[in-house]
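Student: I have a structure here, written as structure tokens, and I will follow up with some questions on it.
The values are calculated or read from the model by the stated rules, or taken from the named source; none is laboratory data. Note that this is a predicted model, so its numbers are computed, not measured. Don't worry about glycine lacking a Cβ; one is built from the backbone with ideal geometry, like all the others, and counts go over all protein chains shown.
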Amino acid sequence: MSDFVRIERDGDIGLICLTKPPVNALGVALRSATYDAVQTLLADDSVTAIVLYGEGRFFSAGADIKDFGRASETPTLPDLLKALNDSPKPTVAAMHGVAFGGALELALSCHLRVGIHGLQVGLPEVKLGLLPGAGGSQRLPRLTGMASAIEVICSGRNIADDEALRLGIIARLADGPAREAGISAARDIAAGALSATPTDGLNVAHDEQALAAARQKYSGKLNAPLKAIDAIEAAALPIDEGLPIERALFMELMESDERAGLVHSFFAERATAKIPEAKAEKRAIERIGVVGGGTMGVGIATAALLAGLPVTLIETAEMRIDAARANVEKNLAGAVKRGKLTKATHSVAVANLTASADIGALAKADLVIEAIFEDMEAKAGLFSDLDRICRPGAILATNTSYLDVDAIAATTARPADVIGMHFFSPAHIMRLLEVVVASKTAPEVTATAFDFARKLRKIPVRAGVCDGFIGNRILTRYRKQCEYLVLDGAGFDQVDRALETFGFAMGPFAVGDLAGLDIAKATRDRKAATRPPEERYSRVADLICDQGWHGRKTNIGYYLYEGGKKTGPNPGAEDIVAAERKALGITPKDFTDEDVVARVLTAMIQEAAMILEEGIALRPVDIDAVQLFGYGFPRHRGGPMHMADQIGLSEVIARIETYAAEDAYFWSVPPLLRQMQSAGQSFAALNDKGIST
Ligand code: T1G
């Protein structure tokens, strides 16, 4: 008997129940237990059919992603699937909840599949830099046809129960529980009401048009979808020829940096929830207050409404209240269009919104999030008012993106209840939430903030108090390095192109034009008085701004625009750069795109190492999560810390030392890097160090 499966009998039907929490991941322990259970039932002459089903929230989440990159242990998943496919007795998979990746492949190797209402299936391997490696690319086309299989596998999307039925992935959609639905299907097979067909015996026609269209669609992007198309093409061969082709392509991808980066990103999204305060008593959060009806306040209010929470939105004047309400309702209507809200939940969300000019309306709120303009005096005054008005135990959060949360907390008599919750615009869509823990913030307030973030389906990352916390602090260094590269010889478009080829959706200068160069200048002007004199400062952006060239909104900035579309570099901006180089006595250097990426990435890694040293971030993976889910760092690269391990610390240190010869103020090797280098440590190892909770 195994802890991971349970063998049951219902008359002549043999059942195997997967019982490995939390997700029935098909690691070697569960594979081995299931394989043995299949053999037991095959050897039992009183058993005429075999049903597989899962215990817990779902059938199974597929292969154990934690095993990736390690030597595969037997029985492999293909070994188990072959036993099910070759079974002389009908094999039935009864799936509920989710069946993703190897879980669906397990079901596809059975002779019949039953889904329980609400089931989601899918082959999301491409999202992990892989392709279905246990027959999925060979068996799915045999049920759905090549064209549908290409779309399902290359998109990696989830498929709802009715579509799974329509595509032929399941033969029946039934009410639960899965166990009974599986038994009923097995009995219907015996009665001839359902036919159990081993998938491997089916044929699938070659579909050149679908293959060519997919190759065109996915070319020039990630590798996995293209390899998946090659595997699916082999499904037109006899399955004994196709399976080895699939396996070879799968193993090739398993060794790729793309897979390592995407798997790291998968775990990064979940790792950040592991904080020292995780076990602290959480406060009930049922009534939310948001102060400020601008873009951020409206986005935050929308996010809370989407989570089904009642929100009181405070604005100063009636007309601004109407505008704020209208903007929230516009966001909610957008959520309906995106399928995030049904008509019913949309009505609830709209009814859950109260907009008022009376801050006294927050007296009963459990959590108030301030989202007014970034001015310390204004925030201090507001928090002092909130301290007086809000009930004892209410949590007061600031959405500030860089101001000192300790200073804000000090304006109240309840600093333990004050925390930072830095949302990213648009706040109802961006998943990252920097939870800024001030020196006096109580552990249960931090735990409650993380719990609230999960309710809003955000990815919370714990940050300490400093200028820019984690994300904006690294962004500042990233942008400075890009400006230095332009002063030293690179073009705006070369820097943008190099970083876009690396995987960023948009390079820094295109982003600047989009955001508005005047906005960035206002921030620089505010900080001018405290700028260290020894720090290199590029005047290029200021001079461009002074021409009235503010980016897209003026059709001219770093680039020229027509009808909102970029038409090319702005010669005027390039003239400004040339003049600045001359004035500074700079002889422009030729940089390769690799140089650009190396310098920018190294600048990010250097700052990230300092953020770790100062304890602003708990672990390297938290910094990766901020970059991946808030700043557009390409998922398949895994984040700056993951990349530092791939580049190698010695190389990172050597680069910093080389660059420091040109600019010893910007570049200096953080002590942490030298300590890690001498200890032969990686950032991945620091992640595994865990957090003492
Ligand atoms: N392997 C290992 N751990 C997994 C896992 C998996 N497949 N799926 C989830 N976990 C962990 C997760 O890290 C977390 O751990 C806990 O389970 C709860 O997860 C051969 C090669 C199933 C929809 O891509 O989509 O099969 O943080 O917080 O929000 O061709 O997990 O608590 O320590 O996400 O309810 C394909 C990935 C694998 C599915 C549940 N399968 N998982 O969501 O919980 S590749 C996937 C999910 C493959 C074959 C190939 C979701 C979920 P911890 P959670 P959830």
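Student: Condition first: away from the ligand (no atom under 16 Å from the Cβ) and either of a type in the set (Lys, Arg) or in a loop (DSSP other than H, G, I, E, B) (or both). Now tell me which residues in the range 277-295 satisfy that. Write out each step before concluding.
Tutor: Pass one, the range 277-295, residues away from the ligand (no atom under 16 Å from the Cβ): 277, 280-295.
If the condition is that a residue be away from the ligand (no atom under 16 Å from the Cβ) and either of a type in the set (Lys, Arg) or in a loop (DSSP other than H, G, I, E, B) (or both), then Glu277, Ala280, Glu281, Lys282, Arg283, Ala284, Ile285, Glu286, Arg287, Gly292, Gly293, Gly294 are the ones that fit.
Student: Tell me whether the range 127-139 contains one or more residues that are part of a helix (DSSP H, G or I), over 28 Å from Asp188 (Cα atoms), of a type in the set (Lys, Arg) and under 21 Å from the mean Cα position of the chain (by Cα). Don't jump to the end; show me each part of the working.
Tutor: We begin by selecting, within the range 127-139, every residue part of a helix (DSSP H, G or I); these are 127-128, 136-139.
With the extra rule that they be over 28 Å from Asp188 (Cα atoms), the set shrinks to 127-128, 137.
Keeping just the survivors that are of a type in the set (Lys, Arg) gives 127.
Those left that are additionally under 21 Å from the mean Cα position of the chain (by Cα): 127.
There is at least one residue in the range 127-139 that is part of a helix (DSSP H, G or I), over 28 Å from Asp188 (Cα atoms), of a type in the set (Lys, Arg) and under 21 Å from the mean Cα position of the chain (by Cα).
Student: OK, next. Out of Ile576, Ile616, report the one residue that is under 28 Å from Pro426 (Cβ atoms) and not charged (D, E, K, R). It would help to see each step written out before you state the result.
Tutor: Numbers: Ile576 fails: under 28 Å from Pro426 (Cβ atoms).
Selected residue: Ile616, the only one of Ile576, Ile616 that is under 28 Å from Pro426 (Cβ atoms) and not charged (D, E, K, R).
Student: Also, I was wondering about something else. Kindly provide the set of residues from the range 126-157 that are polar (S, T, N, Q) and within 16 Å of Ala205 (Cβ to Cβ), ordered by number.
Tutor: Answer for the range 126-157, where residues must be polar (S, T, N, Q) and within 16 Å of Ala205 (Cβ to Cβ): Ser137, Gln138, Thr144, Ser148.
Student: When you go through Glu651, Glu662 one by one, which is the residue that is of a type in the set (Asp, Glu) and at pLDDT 95 or above?
Tutor: Working: Glu662 fails: at pLDDT 95 or above.
When all the criteria are applied, what remains is Glu651.
Student: Name the residue that is farthest from the ligand (Cβ to nearest atom), counting only residues in the range 90-114 that are more than 14 Å from Ile16 (Cα to Cα) and assigned to a loop (DSSP other than H, G, I, E, B).
Tutor: His111
Student: So, one more: In this structure, does Lys589 turn out to be outside any helix (DSSP H, G or I) and either loosely packed, with under 15 Cβ neighbours inside 10 Å or not small (Gly, Ala, Ser) (or both)? Please lay out each step first, then the result.
Tutor: Numbers: outside any helix (DSSP H, G or I): yes; either loosely packed, with under 15 Cβ neighbours inside 10 Å or not small (Gly, Ala, Ser) (or both): yes.
So Lys589 fits the description; yes.
Student: Restricting to the range 30-86, count the residues that are out of contact with any helix residue (DSSP H, G or I) (no Cβ under 6 Å at 6 or more places or on another chain), more than 30 Å from Gly192 (Cα to Cα), of a type in the set (D, E, K, R) and more than 12 Å from the ligand (Cβ to nearest atom).
Tutor: The number of residues fulfilling the criteria is 1.
Quick grid of which residues meet (1) within 16 Å of the ligand (Cβ to nearest atom); (2) more than 30 Å from Pro225 (Cβ to Cβ); (3) modelled with pLDDT of 95 or more; (4) not in a helix (DSSP H, G or I):
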site: Glu258; (1), (2), (3), (4): yes, no, yes, no
site: Ala268; (1), (2), (3), (4): yes, no, yes, no
site: Gly297; (1), (2), (3), (4): no, yes, yes, no
site: Ala344; (1), (2), (3), (4): no, yes, no, no
site: Ser347; (1), (2), (3), (4): no, yes, no, no
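Student: Could you tell me whether any residue of the range 624-638 is over 19 Å from Gly503 (Cβ atoms) and either crowded, with 24+ Cβ neighbours inside 10 Å or of a type in the set (S, T, N, Q) (or both)? Show your work before the answer.
Tutor: Residues of the range 624-638 over 19 Å from Gly503 (Cβ atoms): none.
No, that holds for no residue.
Student: Test Thr441 against the stated conditions and say whether it is buried (at least 18 other Cβ atoms within 10 Å of the Cβ), among the polar types (S, T, N, Q) and assigned to a helix (DSSP H, G or I).
Tutor: Taking the combined requirement at face value, the residue does not satisfy it.
Student: Report, ordered by the first and then the second residue, all pairs with beta carbons closer than 6 Å, sequence separation of six or more or different chains, a first member in the range 336-351 that is more than 19 Å from Leu313 (Cα to Cα), and a second member that is not β-branched (Val, Ile, Thr).
Tutor: The qualifying pairs are Val336/His346; Leu341/Ala335.
Student: Which of the residues spanning the range 159-194 are surrounded by fewer than 21 Cβ atoms within 10 Å (Cβ to Cβ), in contact (Cβ under 8 Å) with a residue 60 or more places away in the chain and part of a loop (DSSP other than H, G, I, E, B)?
Tutor: Passing the criteria: Gly176, Pro177, Leu194.
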